[in-house]
Amino acid sequence: MPRLCNPLTSSRPIAFRSTRFCRTFRSDLSPFRFRMPSRLAIRSMVSLRWVSREYRCPRDNSLTVAGTSSTSNSYLSNSSEVSSRRPDSSAAAKSKVNKPSKISNNLEMVVTTTLFLSRSVDFRLEFAHYKQESSTLNQQLIEKIYSSDSQFSLAITGGGTSAIASLFGVAGASATLLEATVPYHSAALGRFVSASSPQGCNTHTARAMAMAAYMSARNIRPKNNVIGVGCTAAIATNRARKGTDRCHIAVQAAGFTTTYDIDLNREDDRKEQEAICRNAIIAAMACAVDVSIEPSGIGTRTRHIDAEKPWVDLLAGDIDSTSTSANPCIFPGAFNPIHDGHRGMISSARDMLGQDVTLELSIRNVDKPPLDFLTMSERCTDEFDLVFSNAPTFVEKSAIFPDSVFVVGLDTIVRIDEPRYYGSETARNKALATMAGRGARFLVFGRQTGESFNTLADVSLSKTLKDMCTVVTEDQFRHDISSFEIRSR
């Protein structure tokens, strides 16, 4: 840049050279380069900030100076001492110095440009400090994660995917990371968690992702200590989106489930929110292997449950159910949530059969990941006896609960008779014969379908299945609301 003379005095010229104002700073933990100002630059920038406040270049080509010329010179000089006292800004202290417009314009240009550089350097320094601090902490946590005997499977969508790069950027990843999946498209996410309906950005989706990741890790390393991590985040974007910016993380292991729900600040940009998600994922992994870390300043809602041994054994496949006694009357269902319709069916079944009714909930579903321990705890109820099982189909239920009556709705009994769920009609007939041989029976309640209420008499079933069924008439019981309708409200 040109060397400009001080317009107020004939003293030394002011040199504005980028090489004198900045030196290169490189963090050992970051591939980025940052510009750090030299002492000369800091002194000059402080002076020029004062110049921008005290000097104006009016259109009449005159330069208005606040304070005396000697005081003003101290602000424009490159001396090592900068006056800490602001000049007198009263009208009596102001004077005008007529200078050529070229000098005035040049001074204004230099001041503006240098102030911009000053602010740019300040931002870079703050970012460098944050980058160094965040990277150092993450590297330490990752090294501690890698020193454990646990192995991880990750599934991340929406935000936080940079955690994968951070993990692979530290030596030792091959011994700890089994896989990392980014099911970004809604169809890819649905396929990953085996769900046909769209998955929202919420803690339930994060749990399903963590469980799917855990089951995948267990298939890869069945005898190792494996952990699944799921994260779904809605961070700053360039398209319209309903809801808040948020991040949901879940960690699933053989004996516990943990969730972290974070509300992100919408004033933060995408990079800042991504950094929060990344750091939270790494911190969650560290906590999963018992690394003690300081809680972050970001508001995080954490839930954790250590599973009971029967639940642990059930998820591991070591037992078929948590039942410890005979259950002559079983009411299978998801009970999400349990409602008055369920209560009415239980009461009617108890009166008709003269038996206590036990609720049965399979933690495995034909087309979904197993239930996590937090979900299992949420489904528990003090109203009725409830057992968890590993039996998603009625063929499997009849093996675990032989000689039992199953309380079902009309829609369920119709599905049991559908050949497509077995692969063929022959396979269906064989399965029904197996259930009949185990003494399975069905107490079938009617259901509202459209504008009509239908019972067992209104549908056509195969003879083998129909012989196992007992009808509950509309006069005996009717309730027109389902769990799905309650969840949809």
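The numbers here are math on the coordinates, done by the rules we state, and not lab data. This one's a predicted model, so the numbers in the text were calculated from it and none came from an experiment. Using ideal geometry, Cβ is built from the backbone for each residue, glycine included, and neighbour counts are taken over all protein chains shown.
In nanometres, what is the gap between the two model label sites at residue 351 and residue 184, each 7 Å from Cα along Cα-to-Cβ?
If labels sit at residue 351 and residue 184, their model points lie 5.9 nm apart.
Using θ = phi - 60° and the Karplus form 6.51 cos²θ - 1.76 cosθ + 1.60, what ³J(HN,Hα) does each residue of the range 351-368 get, whole Hz, x for Gly and Pro?
5, 6, 9, x, 10, 5, 9, 10, 6, 10, 10, 7, 6, 10, 10, 4, 10, 9
Dipole magnitude of the range 320-488 about its Cα centre, charges +1 at Lys/Arg Cβ and -1 at Asp/Glu Cβ only, in debye to the nearest 20?
That gives the range 320-488 a dipole magnitude of about 560 debye.
If I stretch the segment between residue 144 and residue 238 completely, what's the gain in nm (0.36 nm per residue apart, minus their alpha carbon distance), one decimal?
The residue 144-residue 238 span can extend by a further 30.2 nm.
Can you work out the PRE-style zone for residue 378? Point 7 Å along Cα to Cβ, and I want the residues of the range 336-365 with backbone N under 19 Å.
Of the residues in the range 336-365, 336-340, 360-365 have backbone N under 19 Å from the label point off residue 378.
Just the Cα atoms of the range 147-306, one point each, no solvent: what log10 I(q)/I(0) does Debye give at q = 0.08, 0.11, 0.15 Å⁻¹?
-0.21, -0.39, -0.75
Among the listed pairs 309/368; 242/368; 144/271; 242/309, give every one whose C-alpha distance is greater than 32 Å.
Check vs 32 Å cut-off fails for 242/309.
Please order 152, 256 by the number of other Cβ within 10 Å, starting at the fewest.
Arranged by neighbour count, lowest to highest, 152, 256 become 256, 152.
Along Cα→Cβ, 7 Å out, is where each label goes; now give me the distance between the ones at residue 224 and residue 463 in nm to one decimal.
Distance between label points: 5.6 nm.
Toward the positive end of the charge dipole of the range 320-488, about the Cα centre and with charges on Cβ (Lys, Arg +1; Asp, Glu -1), which of 473, 339, 390 goes farthest?
Farthest towards the positive pole: 390.
Across 10 Å bins from 0, what is the distribution of all Cα-Cα pair distances for the range 320-488, in whole percents?
9, 38, 40, 12, 0
What FRET efficiency would be calculated for the residue pair residue 366, residue 265, taking the C-beta separation as r and a Förster radius of 41 Å, to the nearest 0.05?
Plugging the Cβ-Cβ distance into 1/(1 + (r/R0)^6) gives 0.50.
Along the range 412-421, what does the Karplus equation 6.51 cos²θ - 1.76 cosθ + 1.60 (θ = phi - 60°) give for ³J(HN,Hα), rounded to whole Hz, x for Gly and Pro?
5, 5, 5, 5, 4, 8, 6, x, 5, 7
For the residue pair residue 418 and residue 197, what label-to-label distance in nm results when each label sits 7 Å from Cα along the Cα-to-beta-carbon direction?
Inter-label distance under the simple model: 1.6 nm.
Could you compute the FRET efficiency for residue 454 and residue 272, with r as their C-beta to C-beta distance and R0 at 51 Å, rounded to 0.05?
0.35
Around residue 458, with a cut-off of 11 angstrom between Cβ atoms, what is the net charge of the other residues, counting Lys and Arg +1 and Asp and Glu -1?
0
How many angstrom lie between the C-alpha centres of the range 324-362 and the range 403-442?
19 Å
What does the charge dipole of the range 224-268 about its Cα centre add up to, to the nearest 20 debye, if the Cβ of each Lys and Arg holds +1 and the Cβ of each Asp and Glu holds -1?
Dipole of the range 224-268, to the nearest 20 debye: 240 debye.
At a Förster radius of 41 Å, what calculated FRET efficiency corresponds to the Cβ-Cβ distance of residue 309 and residue 426, to the nearest 0.05?
0.50
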